[in-house]
Amino acid sequence: MKTPLVSSIAQTDGRTRDSADAALSGTSQKGLVARLIPFLGPAFIASVAYVDPGNFATNIQGGSGFGYTLLWVIVASNLMAMLLQTLSAKLGIASGSNLAEHCRNRFSKPVVYGMWVLMELVAMATDLAEFLGAAIGFNLLFGFPLIIGGLLTAVCTFLILGLERYGFRPLEIVITTLVSVIAVSYLIETVLDKPDLKVLLYHSVVPQFSGPESVLLAAGILGATVMPHAIFLHSALTQQRIIVREPGKLKKLFRFEILDVTIAMGIASLVNMAMLVMAAATFYRQGLTNVATIQDAYLTLQPLLGKAAGWIFAVSLLAAGLSSSTVGTSAGQVMMQGFLRRHIPVWLRRAITIIPSIAVIALGLDPTRTLVISQVVLSFGLPFTIIPLVLFTAREEIMGVLVNRKSTTVIASLFAALIIALNVYLIYQVFLG
């Protein structure tokens, strides 16, 4: 039995379904934008994972420590993310089942339980980043102690998740609004920074590293950008949202979904790039290469760019933490339900995932360093997400007319191989190098 959370965010209301049916049938008299609106939403919810506080931590450290050097990692990671989120959405559309359910149905029980445990650890690492980020946002804006900010984050997350009882649209609207706050905030920050566009373009396309620490941060950026739980969640968001069976309509629905992914992930990509550009143009250019924490970034922005820049930064961090924490809880429900056919109440999952974050705050650990390490942990979960996704979407008996082209499977497989190779190198550098 599905949880109310999963069923409500995966299914459409009657009005949206009717508009979607008209667009797919070719009977709609509306313009392109109006026809597209019923299909927008799933990718925007999933894209929240790509602009969470973990991105703030890794991008600020990467930009302040190495300038624009790692900008290409963000570009490459977001291109990977676009393809993988598209495959995830396509799996839900074509099969009517999500990625975790396919794993449960096609793998042995030991493998399924092992994957579930691993993904729960990934979900905990994800939630740690999101929870800490929002707590820091409350601290920077209002001066609340981190532990109070953490408790406020939990309360706000409960309130946002409570919208699911009214269907998927209210939740999508709130999440999209929060993402818009982040995007606008960083647009303002970038304008204030006045970055060197020629140098920015060069480092966007030329791969390079600058020592072992840059490799660690590259893995963190990758882990913060391509998110395992977002891939699992996206397939659940599309599996019952708009149900069609005719091959022609399926292809048309998938084309609309590609637009949804392109728009949402494109915005997330620009925000990610703006984070690193902000740190590089503001800190690295001024010789402030030791800006290692989010709190440092907030305080250092004020004399360089004015007090408004610091406020904008804190507001965007708070919006990122609240929205991504909500989405992370939803993803955890999807994974447990898919792998085990079991679920726990949303409030209980939220309460359990608070514990590691409260422990980090109580022990006095560096929140920013904890955020970076949590993103590295995420990168280790990626192969166990990407490989099944590629395998399933390449099988015609599962995907029907939406089965992957051979070139798509090859490119996605290369991405998986690249991620595995980077993780192996990371293990060597951290523990043996």
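The values are calculated or read from the model by the stated rules, or taken from the named source; none is laboratory data. All of these numbers come straight from a predicted model, not from anything done at the bench. Glycine also receives a Cβ, built like all others from the backbone with ideal geometry; neighbour counts cover every protein chain displayed.
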- prompt: Is there any pair with a first residue in the range 221-238 that is within 20 Å of residue 71 (Cβ to Cβ) and a second that is at pLDDT below 90 and part of a loop (DSSP other than H, G, I, E, B) whose Cβ atoms are under 7 Å apart and which are 6 or more apart or on different chains, and what are they?
  reply: 226/382
task: Kindly indicate which of 385, 370, 393 is crowded, with 18+ Cβ neighbours inside 10 Å, at pLDDT below 75 and among the β-branched types (Val, Ile, Thr).
output: 370
field: helices (runs of 4 or more DSSP H) (entirely within the range 41-119) containing at least 3 residues that are of a type in the set (S, T, N, Q) and under 30 Å from residue 213 (Cβ atoms)
entry: 53-66, 71-95
- prompt: Do we have residue 258 as modelled with pLDDT of 85 or more and either crowded, with 19+ Cβ neighbours inside 10 Å or of a type in the set (Val, Ile, Thr) (or both) here?
  reply: yes
- request: Look at the range 208-230 and say how many of its residues are surrounded by fewer than 23 Cβ atoms within 10 Å (Cβ to Cβ) and either under 23 Å from the mean Cα position of the chain (by Cα) or among the aliphatic types (A, V, I, L, M) (or both).
  value: 3
field: Residue among 295, 286 that is over 27 Å from residue 44 (Cβ atoms), surrounded by fewer than 20 Cβ atoms within 10 Å (Cβ to Cβ) and at pLDDT below 75
entry: 295
message: Would you confirm, using the coordinates I've provided, whether residue 177 is within 15 Å of the chain's Cα centre (by Cα) and β-branched (Val, Ile, Thr)?
response: no
field: Whichever residue in the range 231-255 is part of a loop (DSSP other than H, G, I, E, B) and touching a Ser or Thr at 6+ places or on another chain (Cβ under 8 Å) and, among such residues, is surrounded by the most Cβ atoms within 10 Å (Cβ to Cβ)
entry: 241
message: Anything in the range 66-103 that is within 30 Å of residue 288 (Cα to Cα) and among the small types (Gly, Ala, Ser)? List them, or say none.
response: 67, 76, 77
- prompt: Among (1) in contact (Cβ under 8 Å) with a residue 12 or more places away in the chain; (2) surrounded by fewer than 24 Cβ atoms within 10 Å (Cβ to Cβ), which single condition is residue 50 missing?
  reply: (2)
statement: Those residues of the range 188-208 that are modelled with pLDDT of 85 or more and either part of a loop (DSSP other than H, G, I, E, B) or polar (S, T, N, Q) (or both) come to a total of 4
- prompt: Among the numbered criteria (1) surrounded by fewer than 24 Cβ atoms within 10 Å (Cβ to Cβ); (2) assigned to a loop (DSSP other than H, G, I, E, B); (3) modelled with pLDDT of 80 or more, which single criterion is violated by residue 30?
  reply: (3)
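So that you can scan it fast, the table gives a plain yes or no per residue for (1) surrounded by fewer than 23 Cβ atoms within 10 Å (Cβ to Cβ); (2) modelled with pLDDT of 90 or more:
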{"residue": "19", "(1), (2)": "yes, no"}
{"residue": "58", "(1), (2)": "no, no"}
{"residue": "63", "(1), (2)": "no, no"}
{"residue": "70", "(1), (2)": "no, yes"}
{"residue": "95", "(1), (2)": "yes, yes"}
{"residue": "108", "(1), (2)": "yes, yes"}
- prompt: Among the candidates 277, 271, 261, which residue alone is assigned to a helix (DSSP H, G or I), over 20 Å from residue 87 (Cβ atoms), β-branched (Val, Ile, Thr) and within 19 Å of the chain's Cα centre (by Cα)?
  reply: 271
statement: When residue 288 is run through (1) part of a helix (DSSP H, G or I); (2) more than 19 Å from residue 54 (Cα to Cα), the failure sits at (1)
- line: Subset of the range 305-328, residues buried (at least 24 other Cβ atoms within 10 Å of the Cβ) and either hydroxyl-bearing (Ser, Thr, Tyr) or not in a helix (DSSP H, G or I) (or both), comes to 316, 323, 324, 325, 326
- request: Looking only at the range 93-100, decide whether some residue is more than 17 Å from residue 342 (Cβ to Cβ) and within 16 Å of the chain's Cα centre (by Cα).
  value: no
